[in-house]
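Here's the structure we're looking at; comments come further down.
The values are calculated or read from the model by the stated rules, or taken from the named source; none is laboratory data. If you're wondering where the values come from, they're calculated on a predicted model, not measured in any experiment. Using ideal geometry, Cβ is built from the backbone for each residue, glycine included, and neighbour counts are taken over all protein chains shown. All accessible areas refer to the heavy atoms of the entire protein, side chains included, with ligands and DNA or RNA removed. Shrake-Rupley method; radii C 1.70, N 1.55, O 1.52, S 1.80 Å.
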Amino acid sequence: MAVNSTSHLRPGVSGMSVYVPTLRVPLEAWCGWTNNAWPKVQAVVGRSFRCPAPDENVYTLAASAVLRLIRSYDVDPARVGYLALGTETSTDNSAGAVIVRGMVDRALESLGLPRLSRNVEVPEMKHACLGGVYATKAASRYLALDGADRVAIVVCADVAEYERGSSGEQTQGAGACAMLLEPNARLFDLDLAHAGSASDYRGPDFRKPHVRHLIPGYAEKTKRLHDFPVFSGKYSTYSYVEETIRAFEDMVRRLGIPTMDALKGPAALFFHRPYHHMPVQAVAYLYLRALLASGADSATVAALCKEIGTTPEALRAEADSRPDLYGRVLAGQADADPFPLSGQAVGALRKTPEFKAFLDEKMSLGSRGAAELGNLYTAALPAWIASGLEEAVQKGVALAEKRALAVGYGSGDAAESIPIRIAPAWEDAARRIGFAAALEQAIDLTKEQYETLHDTRTVSGVPPLPGGRFRIARVGDRHEATFQDLGVEYYEYAR
């Protein structure tokens with residue numbers, strides 16, 4: 001996983017910050033409200049999720065994270081040349097990151113600091129949960145080309161909402177993760193020369209068509225505008241697993257190393273995390289394929305085959321197949337497992353001491369902190385990395401110059417598998433992340449408060465929210481011939 005040696009630059013991330021709303025739903029309490037089994041939900045999903053307050057949205061979350069980043073890392077606003085927003089829950093079909101810029105500029109002024117440079121690119125990037133990864137790759141390319149004398153900021157922000165009573169309700173969440181990128185990274189660099197990419201159209205895999213709001217019977221219980229997705233649990237899971245496999249395979253091909261080395265070589269593995277179980281499942285499939293690639297005489301493979309009643313040859317043939325998932329939808333077979341034998345083998349593999357030890361070694365960093373967030377869509381992957389690096393520096397884990405792996409995914413669908421390398425002197429940047437601090441001052445909602453907030457975007461009986469965040473001050477209502485601001489939000493910084 002060597003970084004491209006043709007350049008003296010190591011573009012990548014030099015700082016990270018996280019912002020999550022104060023209002024929290026503990027999943028143990030939610031299980032009591034909904035008659036779900038807490039041990040199962042904790043093991044599969046996590047421990048809690050956050051809900052935006054009525055005066056918060058994806059732009060306020062993003063701006064709050066960006067301002068924290070600038071202040072925590074003493075960023076010179078005049079040096080910022082690129083500010084990108086990765087999101088799938090933006091609410092304006094015209095403007096994007098410039099809305100975040102506007103909030104940050106005025107807050108900086110109020111704090112006696114200069115605004116961001118006027119010469120800043122402000123793109124918004126969307127591809128489901130992968131928009132933030134695409135924005136980060138673009139920022140790295142900007143720094144390697146025309147922005148070598150500047151710095152870039154990428155903020156990933158989303159509000160993940162599901163209809164109450166749906167199978168996705170417990171995987172909700174809201175928050176933002178901002179990243180400072182520099183030509184020579186102080187936290188970790190991105191080895192884009194060996195990154196793997198994959199994409200394929202998957203039809204109804206987790207979509208948000210506007211027309212759904214006009215169809216009778218859609219989310220009738222929720223009496224407000226909302227952004228609930230249209231999704232099919234099994235099909236979306238198959239899509240996630242298969243696409244991350246393809247991106248990982250492309251990375252392995254470009255690296256020119258054995259598959260198992262690509263899994264076991266990195267000090268840590270970070271995957272897109274819609275809920276706790278999903279990346280574990282994806283890694284189990286990759287581990288099984290790595291075992292198959294290492295030879296049919298593998299004792300582990302032989303034991304797995306004996307347990308599920310198959311042969312290494314049958315497993316290998318299935319692993320080598322290229323199923324057309326969307327074709328199955330068109331044929332009315334969306335629920336058909338594309339890898340049925342592998343699924344059985346993976347179930348058995350996850351129970352083995354070998355794989356459990358692998359998970360503990362490679363995927364435990366930051367996992368406990370990430371379990372408190374819920375699903376952050378674009379911010380899920382970088383937030384887990386932030387949690388992991390902060391935990392590592394607090395525990396004194398030696399990561400300097402070590403490799404790690406970041407795998408992003410976006411429904412629809414596409415995936416990116418990116419080797420990253422921890423900077424030589426990463427500890428100072430990691431100490432400034434403030435992940436644990438971002439989770440403090442949480443206010444736990446009652447059942448009635450949660451249901452009212454979810455269904456109407458109003459809440460009562462909660463204490464005043466802490467400062468250090470942006471809020472919607474008012475919404476424009478003028479629709480005249482000479483001036484219109486109907487529906488335009490006006491923001492303010494609450495210290």
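Per residue, the accessible area of the chain comes to 41 Å² when a 1.4 Å probe rolls over the protein heavy atoms. A straight chain from Glu480 to Glu28 at 0.36 nm per residue would run longer than the Cα-Cα distance by 157.7 nm.
Peptide packing for 329-337, 396-404, 60-68 was compared via the average number of neighbouring C-beta atoms within 10 Å per residue; ordered from the highest value, the list is 60-68, 396-404, 329-337. Here the Karplus curve 6.51 cos²θ - 1.76 cosθ + 1.60, taken at θ = phi - 60°, turns the phi angles of segment 81-96 into couplings of x, 8, 10, 10, 10, x, 6, 10, 10, 5, 10, 10, 7, 10, 8, x Hz, with x standing for Gly and Pro. P(r) tail for segment 316-403: Cα pairs beyond 20 Å make up 60% of the total. Here the dipole of the chain is about 460 debye; that uses its Cα centre as origin and unit charges on the Cβ of Lys and Arg (positive) and Asp and Glu (negative). Highest-first packing order for the peptide set 441-452, 374-385 is 374-385, 441-452, based on the mean count of other beta carbon atoms within 10 Å. Here's the picture: charge each Lys and Arg Cβ at +1 and each Asp and Glu Cβ at -1 in segment 171-248, and of Leu187, Gly173, Pro216 the one pushed furthest to the positive end of that dipole is Pro216. Highest-first packing order for the peptide set 408-415, 77-84 is 408-415, 77-84, based on the mean count of other beta carbon atoms within 10 Å.
Across all C-alpha atoms in segment 239-344, the radius of gyration and Dmax reach 14.4, 43 Å. Farthest towards the positive end of the charge dipole of the chain, among the residues Gly265, Ala379, Met125, is the Cα of Gly265, using unit charges on the Cβ of Lys, Arg, Asp and Glu. Using only alpha-carbon positions in segment 426-487, the gyration tensor eigenvalues give semi-axes of 33, 23, 9 Å once each is multiplied by 5 and square-rooted (largest first).
Applying the criteria of a DSSP loop state and at most 12 other Cβ atoms within 10 Å to the chymotrypsin sites (Phe, Trp or Tyr not before Pro) of segment 220-265 yields no site. Which log10 I(q)/I(0) values, to two decimals, does segment 110-210 give at q = 0.18, 0.25 Å⁻¹ under the Debye formula with one point per Cα? Summing over Cα pairs of segment 110-210 leads to -1.05, -1.46.
Remark: the chain projects, on average over all directions, an area of 24.5 nm² (convex hull of Cα atoms).
Here the Karplus curve 6.51 cos²θ - 1.76 cosθ + 1.60, taken at θ = phi - 60°, turns the phi angles of segment 380-394 into couplings of 5, 5, x, 5, 5, 4, 4, 4, x, 5, 5, 4, 5, 6, 5 Hz, with x standing for Gly and Pro.
The accessible area of Glu307, taken with all protein chains in place and a 1.4 Å probe, comes to roughly 120 Å².
Measuring nothing but alpha carbons in segment 89-134 and taking Rh as the Kirkwood radius, the Rg to Rh ratio lands at 1.05. In units of the compact-protein estimate 2.2 N^0.38 Å, segment 1-133 shows a Cα radius of gyration of 1.33.
A quarter of the convex hull surface defined by the alpha-carbon atoms of segment 292-440 gives 11.6 nm² as the mean projection. Convex hull volume of the C-alpha atoms in segment 388-495, normalised per residue: 243 Å³. Just to check, using Stokes-Einstein with a Kirkwood Rh over alpha carbon pairs, what's the diffusion coefficient of segment 198-283 at 4 °C and 1.567 mPa s in µm²/s? Diffusion coefficient, whole number: 82 µm²/s.
The stretch between Ala78 and Leu330, if pulled fully straight at 0.36 nm per residue, gains 85.5 nm over its current Cα-Cα span. The slack in the chain from Arg224 to Ala398, taken as 0.36 nm per residue of separation less the alpha-carbon distance, amounts to 57.7 nm.
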